[in-house]
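Trainee: Would you mind keeping the following structure in view while I ask a few things?
The values are calculated or read from the model by the stated rules, or taken from the named source; none is laboratory data. Just so you know, these numbers come straight off a predicted model, no measurement behind them. Note that we place each Cβ from the backbone using ideal geometry, even for glycine, and neighbour counts take in every protein chain shown. Accessible surface is based on the protein model in full, side chains and every heavy atom, while ligands, DNA and RNA are left aside. Shrake-Rupley method; radii C 1.70, N 1.55, O 1.52, S 1.80 Å.
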Amino acid sequence: MKSLGLKLVYIVLGYVVSSLLVTFFSWESLREKLPVLRRFYYPSINSNLRMVKNSDSVSEESVTILPEKRLVSDVYESSAVLEPENEIWITSKIAGRISKILVKEGDSVKKGQLLLKLEDDIYQSDIKKYQAALEVANSYLVVAREKLKIAETKIEIKLRDIDKLTDLIVLNERNLENAKENFQKKRELWKAGSISLLEIEKSQAEIDEKKILFQNLIRERESLLTGLVLSDSEQVLDFTKRLQSWKQTNTELEQAEYSLQISQVKIAKENLENAKKILSETEIKAPIDGTISKILVNLNGLVPNNTSPILEMFSGTNLNVAFAISEMDLEKFNQSKKIQFFLPNQSTIPIEATVHFISPYLEKATHSILIKARITGKKIRLLPGMYGTILMELDTKQQKLYIPNSLIKGDKESGFFVYVKVGSQTKKRFIRILSGELEAEVISGLEETDQILLNQMVSVKD
């Protein structure tokens, strides 16, 4: 019996202590959930006791607290978006219609991998046309080369014959001079009576014969020289140099035709190479290893050339927090400044980032400046394009008031309010707040000396 009575005593004491804790050290929502523990100090709720739901003047029966005043740093807040640190916009160098799309958004790709293809019928036709033109130009080049070789060969043969005749002319000219000298000597001997007249006549006949031979050689050489251009300065050179010079001089027409055909072949090759290059541009390939973030075109859609991106991709896993600030806030930011990024559905999980880029240009339309901060630590999965809010602690500080969220009543539509003790009465006080996870910053409506009602149970005067 004693042990049973002792247990009952412990139970009563536990109830009393629990009731005291719930009454004086808990919040309203918890007291509402535990009405049994509340009954010990609130045995009945009759017409003299009710919830305050308007601005009636009432007398307080609950404990009050003061707003907490703190010296806190000012915080800069702005909306922001996540973007890849290495983002690439892929455009097409030529216009065309898309025939194949070989990747999906989110696909990982390697450098050089085919991403999409444009229709290439026109460009294939151009290649065939330029290949045929190159074949024709090559055939004409072969003909021109052969013509030049034949012309040079003919000139070389003619010039060699001319050179031989020239040597014979020189030889015969010397023989003719010798014959004339012999004739003069024999004439002197004939006058002296040493030889007969017959010897003189023979010498004269020899001179006439050699003179005729010499003149025939001259005429033959002149016939070979007909149509050739031989300058005096070239004749003083040795035969090899004369031959080379005469070849160039006397085959100018064939050389010009050959040079023209070389140019035609070169043009045909360039046209073919350009056509092949244009054909290769119908295949859009990945410029780097990375991930396809967005496909901006549709199958069979038209693609302009170099005007707007058709694909977006990024490389690596590094992400930037990008946001814009006004020109008046520029002095608040510098390189290596620390910020925190919050996602809308993860408002209590800060993502640390460090400013690494401040745009040197002012956006004229909005008078804003682009800021980029590199994320230094990730606790959750992040994707490019996610929106959120950045907070950055400033160097300036000011006094602010804070109260627990459990004391705040109302909602955004009707307004937030608390119950404040004014003299011997309790009144409803509307306030403006910035709500946090456990407490709210009071923007207006409260002073640091205001006594806020902890328990909303108050009696109404008759």
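Trainee: Check whether at least one residue in the stretch 348-365 is aliphatic (A, V, I, L, M), surrounded by 15 or more Cβ atoms within 10 Å (Cβ to Cβ), more than 30 Å from residue 95 (Cβ to Cβ) and modelled with pLDDT under 90, and report yes or no.
Mentor: yes
Trainee: Across the stretch 394-419, what is the total count of residues that are of a type outside the set (Lys, Arg) and in contact (Cβ under 8 Å) with a residue 40 or more places away in the chain?
Mentor: Qualifying residue count, the stretch 394-419: 12.
Trainee: Would you point out which residue out of 115, 148 is in contact (Cβ under 8 Å) with a residue 60 or more places away in the chain, in contact with a strand residue (DSSP E or B) (Cβ under 9 Å, 6 or more places away or on another chain) and either part of a helix (DSSP H, G or I) or not small (Gly, Ala, Ser) (or both)?
Mentor: Among 115, 148, only 115 is in contact (Cβ under 8 Å) with a residue 60 or more places away in the chain, in contact with a strand residue (DSSP E or B) (Cβ under 9 Å, 6 or more places away or on another chain) and either part of a helix (DSSP H, G or I) or not small (Gly, Ala, Ser) (or both).
Trainee: Open to solvent by 90 Å² or more (accessible area, probe 1.4 Å) and either within 60 Å of the chain's Cα centre (by Cα) or modelled with pLDDT under 85 (or both): does that describe residue 222?
Mentor: yes
Trainee: Testing residue 388 on (1) in contact with a Pro (Cβ under 8 Å, 6 or more places away or on another chain); (2) surrounded by fewer than 18 Cβ atoms within 10 Å (Cβ to Cβ), one condition comes back false. Which one is that?
Mentor: Looking at each condition in turn, residue 388 falls short on (2).
Trainee: Quick check on the stretch 96-112: of everything there that is at negative phi, open to solvent by less than 50 Å² (accessible area, probe 1.4 Å) and not in a strand (DSSP E or B), which residue is modelled with the lowest pLDDT?
Mentor: Per the criteria, the residue is 107.
Trainee: Just name the residue that is nearest to residue 105 (Cα to Cα) out of those in the stretch 313-325 that are at pLDDT below 90 and among the small types (Gly, Ala, Ser).
Mentor: Looking at the filtered set, the residue picked out is 315.
Trainee: Could you say which residue among 439, 448 is within 23 Å of residue 74 (Cα to Cα), among the acidic types (Asp, Glu) and surrounded by 15 or more Cβ atoms within 10 Å (Cβ to Cβ)?
Mentor: 439
Trainee: Find the residue count for the stretch 275-312, including only residues that are closer than 29 Å to residue 131 by Cα and either touching a helix residue (DSSP H, G or I) at 6+ places or on another chain (Cβ under 8 Å) or assigned to a strand (DSSP E or B) (or both).
Mentor: Count: 10.
Trainee: Going by what's in this entry, would residue 129 be described as over 20 Å from the mean Cα position of the chain (by Cα), in a helix (DSSP H, G or I) and at negative phi?
Mentor: yes
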